[in-house]
Structure formats: structure tokens, C-alpha cells
Amino acid sequence: MKELLKVNQLETTFFTDDGPVPAVDTISFSLYEGEILGVVGESGCGKSVTSLSIMGLIPSPPGKITNGEILYKDKDLTKLSQKEMRAIRGNDIAMIFQEPMTSLNPLFTIGNQLTEAISIHHKKWSKKQTKERATEIMKLVGLPRAEELFKEYPHQLSGGMRQRVMIAMALVCDPNILIADEPTTALDVTIQAQILALMKDLNKRLNTAVMLITHDLGVVAETCERVVVMYGGKIVEQGYVNEIFKNPQHPYTKGLIQSIPDMRFKKERLYAIPGSVPKPGSVKVGCRFAERCEFAFDRCRTEEPELYQIKEAHTARCFLTEELVVHE
């Protein structure tokens, strides 16, 4: 597969009154043409900051990419000017943001917001061409009566329809990469299933690479080919979805899988990982998951494990995996 995006040793830091806080700490992964990559973890683990770093949307101050590179078509996005990034953002790499009601502007019609992106990247297009393209993409994402919706405002649409509008806005310029940040948050189960099915269909039909950010491993199992598991700003495990589910190596990944509800055992108490995600930058030494891990031992609290390679495409950041490391 052709590599479209390569994130290499990325560090994104927020400079606060209490000192620098590393929200994303030396992470590396790749996104390939036509694949759906899942990025999983609890709130506060660095998923959204990673996506905003790729899009060049980290608010500065207080945030800043302090190390690493984000390579797209041999260009390091971290080195580009704001003008150069605006040419790529929305055109080559697009993003579906969380909460469509707050992401859509309530003062402008759906049509106005859809055509704005086209006008920015295709300045020579006529108004007729722009409207035709916007209407076409609305139909593509399954929005009914597209011509009428074109004149309506966000508050007149249901949650599922607003989410489809957000997907249409992201796809309207035919991007090579689509970053979907929790695209099913706050939607009911039926609409969630429709949105995920739509994204899978568009991925196959348009060959758009998708980076799907979620906290739900059930969504990953159903939608993605590979998965990156994040915790405390670091990648703790990554590999093919089938391998991760069949043979999880990091205790955090195992905990997330155990947390998936199983409707066959209604009387059993739902499993929950004890404790909560540490505040970014609060763990100075040792493994960041040690305080919540039932397998932790002394070394875990004094030394940070590296990302060990277990199989060719399967890595995990845990001392328990040392004996499984692939030796060349």
C-alpha cells in the first residue's frame, strides 16, 4: 500500500502557567492509501490533539508542535506557512469535527457553508458549478431533498443530518485524507450505524484514506483495518485490528476490550478500568499506565517501557512483552 501520511516522533506541547504540558509525546504512525485507521483511547489521551496537529490547527499560544515531523507527499506540514497549510487543509486533508451543532455556523445556510470550501480551493469555478458540486456531494452522503436543504439553517436539521452535512463539507473538495474526530458522538445508536456505514462506503467508493478517532473499540472492530491505541499522550499499542483483538499485549488495550458490553451475559457487572487518565505531564517517571495496571511491578514505576515489536505490524509499550520481541 502507498503511504499517504507519516507522523514521525511528533511532540505537541501546551505552555501553561504551571509549566510545559506534553499533550502528545513522541508518537509515530503511518496512514496508507484507501485504508481506515482507528485511533483509540479515553478522553485526554491525546487523540484530538494529534488530529489538530496534523491539520495545523493547534491554538498558538499556548500550544506548539515542539518536535517531530508530519510528512504528506514528501512535505513536512510542520514547516509550512499558514498560507501553504490553508491550501492543503480542506483540499488534500479534511476533517470532520466533533459536535456538528457547534461546528456549523448557525447564521449561514447549509449551502453557503458547503460552497465556501469550494470557493476557497476552486476560485475559477462559477456559482453554478459550485452549487452543482455542493448538491452532488449532499446526495452522495445520503441527504434527502438536497436542493431544499441547501437553503436551510443548521437548527432546522436533525443531529444525523447535521453530521452528514459535516461529512459532505469534508468531502466536497475530494481530499486524499479524511480525519473523523468522534463522528458519532451524541448520536443515537441507529444513526451511529448509518454514519459508520456511510463512511465505509465512501472509503471504498472514493478510495479516501480515513483516520477515525474514537473511544469505542466496537466501532474500530466494525470499521477499521488497523488501530493505534493511545494513553497519556503516547502510543501504547498498534497493529491490525484482527491481531489486536485476538492477541492484545498491553494491559490498557486488554482493559478496553474487556469494557465492551457483551449482551449475552446480562447478569455480569460491566468491567471498568480502575482509576482515571492522568493529567497530561503529571507522570514524570515510569509507565503512564502503572497506577491503573493490575500487572505493574517495581520497574514499571521507575522506567518507561519502549515500543516493543511483537510481530511485523504489531507493537506494544509494555515490559511484559519483552520476551515476545521480534529479533532480526
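Quick rundown of the values:
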quantity: Condition met for V210 (closer than 14 Å to F97 by Cα, modelled with pLDDT of 85 or more, among the aliphatic types (A, V, I, L, M) and in contact with a strand residue (DSSP E or B) (Cβ under 9 Å, 6 or more places away or on another chain)); calculated: yes
quantity: Segments classed as strands (runs of 3 or more DSSP E), wholly inside the range 217-328, with at least 1 members that are within 23 Å of the chain's Cα centre (by Cα) and among the charged types (D, E, K, R); calculated: 226-231, 234-240
quantity: Some residue of the range 15-23 being in contact (Cβ under 8 Å) with a residue 40 or more places away in the chain, polar (S, T, N, Q) and over 16 Å from A180 (Cα atoms); calculated: yes
quantity: 1 or more residues farther than 28 Å from V285 by Cα and of a type in the set (V, I, T): qualifying strands (runs of 3 or more DSSP E) within the range 16-77; calculated: 36-40
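The values are calculated or read from the model by the stated rules, or taken from the named source; none is laboratory data. Bear in mind the structure is a predicted one, so any value in this text is a computation, not a measurement. Don't worry about glycine lacking a Cβ; one is built from the backbone with ideal geometry, like all the others, and counts go over all protein chains shown.
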